[in-house]
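Right, one structure below, let's go through it.
The values are calculated or read from the model by the stated rules, or taken from the named source; none is laboratory data. What you see is a predicted model; the values in this text were computed from it and never measured. Reconstructed Cβ throughout: ideal geometry from the backbone, glycine too, with neighbour counts over all protein chains shown. These area figures cover heavy atoms from the full protein model, side chains too; ligands, DNA and RNA do not enter into them. Shrake-Rupley method; radii C 1.70, N 1.55, O 1.52, S 1.80 Å.
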Amino acid sequence: MTVHIVEDDRAVADSLALVLAQMGHAVEIYNDGRTFLQAELSSDDKIILDLHLPDMAAATILSHAKDRGTGVIVITALGKSQIDREIPGFDPDRILRKPIDPQMLARLL
Amino acid sequence: MDDDRITTSDVRLASLLETAVDGIIIVDRSGTILVYNAACERLFGYTANEAVGANVKLIMPSSYADAHDGYMESYLTTGERKIIGIGREVAARHKDGTVFPIELSVGDARLPDQRQFIGIMRDLRPRMESQQRLNDLQDQLVHMARVSAMDEMGATLAHELNQPLTAIMLYLDALKRVAEKPPETRQDTGTVLGQIVEKTVREADRAGAIIRRLRQFVERKETDRQSVDLRHVISDAVDLASLGARALGIDVRVEKTPDPIVCFVDPIQIQQVMINLVRNAIDAIGEAQCGQRVDIACSVSGAEAIMSVSDDGPGIEPAIREKLFKAFTTTKESGLGIGLAIAQSIAQNHGGTLAAQDRDSGSGTVFELRLPLDVDNASGPQQA
Ligand SMILES: Nc1ncnc2c1ncn2[C@@H]1O[C@H](COP(=O)(O)OP(=O)(O)O)[C@@H](O)[C@H]1O
Ligand SMILES: [Mg+2]
């Protein structure tokens, strides 16, 4: 299984990758939505998605992931009302608010 | 008959002196007070009894009093005027020692047998106080607008600080995991740890820089003009104002300017104007969900620097065009509508202008801030 990190903030993506690598995961980083859509996905992969990407609505990525049966964890610094607007109905247990607790992340993976 | 007329005119003069709102004093050529009206009693605290017969130095602060004989002497011998027939602002002294500003005009009365001087005096304190109060009020308003601009950005700032904080916490977690590994499985632990620490420090710096810029902007109250390169002012302002814009998919760009553009300004106030203009542009694009770019440029035209902020948003609503720069004009739900009013008064205080126009091509708005160049320091800018 590979963990795909879709996050435009390079430091957040890099630090996340480092922690996941230390946990023993294979990791890929994408700094925008377009690059991610070209990636190979398999159903046992996991996606960590930053809610606010500069080039794409989160919903687009979510439906792409759903088509391939890949699980998504959303990370965000946005407030609740914005989360509801962007991805209405998304399982709140799979949303991590920044700053992220690495323990929680490990449990979700 | 003659006596009658003199009496009438004496009475008239006396009542004129007593009802006058301004202080009126008549002195002879040696400076001895001959006439001292009721307004003077209120103004200086001495009664007419105390003042008449004394030298006029009585109501002057000592610095003037010392020079006064010299002034009188030189006027009487050479006719050189320091004050006679001119009128100016001078300091006076109350009986209780208080020194205060008055406006003094002096006339020279050449009587057949002697010279007399008539002084008319008005207390300037009320006028100055109201001027001072007005200045204080304006300072406060400018400062308030600055704080409120940051307040509106509160959520954005929290978001922006969250990113480095998230990275720091994850880096630290990674550090812990590396350090906890049993020694035999470690490779190059030293270098790895060093690299992670370095990245952590960089993120902490990033968070610190955001806070520092914010503090600098909000806390500085007093006006402090200096020769600055507008390019620095602009880049500081845009760094702050464009926080969060990227997350909205808005591209904020500053056009590169090769040469310094130096103006004598209060850099914080000019930053404030630029932040307002850029935030307004971002708001306009964000709210209308139309457009995606804000361009900031700076150039020189004649003796003026021109800073422009242009956006490809929806343009200014026709309903508010006329009163765009008037206070409390806003189309935003939580807008105060004082940003542009204050920005324009800052521009004018600097001898410049602020104006808005439609963009040449497509929809959108261009705001232009023009400021006089600091020609003396055109090539030698100091720190912004
Ligand atoms: N770049 C712009 N594009 C469209 N409208 C603008 C722009 N800048 C300002 N405005 C309009 O001018 C109004 C007044 O702006 P301002 O004085 O800064 O107050 P506020 O931002 O609190 O509303 C805004 O509410 C908006 O309607
Ligand atoms: Mg505004």
Checklist outcome for this item: In the stretch B:292-309, anything more than 9 Å from ligand 1 (Cβ to nearest atom) and more than 26 Å from B:Asp374 (Cα to Cα) is listed as B:Gln292, B:Arg293
Next on the checklist: Filter the stretch B:286-297 down to the residues that are in contact with a Lys or Arg (Cβ under 9 Å, 6 or more places away or on another chain) and either within 13 Å of ligand 2 (Cβ to nearest atom) or within 20 Å of B:Ser345 (Cα to Cα) (or both) and list them by number.
Outcome noted: B:Glu287
Item to check | Residue selected from the stretch B:361-377 under the condition within 15 Å of ligand 1 (Cβ to nearest atom) and out of contact with any Ser or Thr (no Cβ under 6 Å at 6 or more places or on another chain), by the criterion nearest to B:Ala303 (Cα to Cα) | outcome: B:Leu369
Next on the checklist: Show me the strands (runs of 3 or more DSSP E) found entirely inside the stretch B:21-103 where at least 1 residues are open to solvent by 30 Å² or more (accessible area, probe 1.4 Å) and in contact (Cβ under 8 Å) with a residue 60 or more places away in the chain.
Outcome noted: B:23-28, B:33-36
Checklist entry - Quick one: would you say B:Asp312 is away from ligand 1 (no atom under 13 Å from the Cβ) and open to solvent by 20 Å² or more (accessible area, probe 1.4 Å)? => result no
Checklist entry - Name the residues in the stretch B:335-353 that are away from ligand 1 (no atom under 15 Å from the Cβ) and over 11 Å from the mean Cα position of the chain (by Cα), would you? => result B:Gly351, B:Gly352, B:Thr353
Checklist entry - Which of the residues that make up the stretch B:334-351 are assigned to a loop (DSSP other than H, G, I, E, B) and within 13 Å of ligand 2 (Cβ to nearest atom)? => result B:Ser334, B:Gly335, B:Leu336, B:Gly337, B:Ile338
Item to check | Evaluation of B:Gly244 against (1) open to solvent by 10 Å² or more (accessible area, probe 1.4 Å); (2) at negative phi (one fails), failing number | outcome: (2)
Checklist entry - Is at least one residue of the stretch A:13-36 in contact with a Gly (Cβ under 6 Å, 6 or more places away or on another chain) and more than 13 Å from chain B (Cβ to nearest Cβ)? => result no
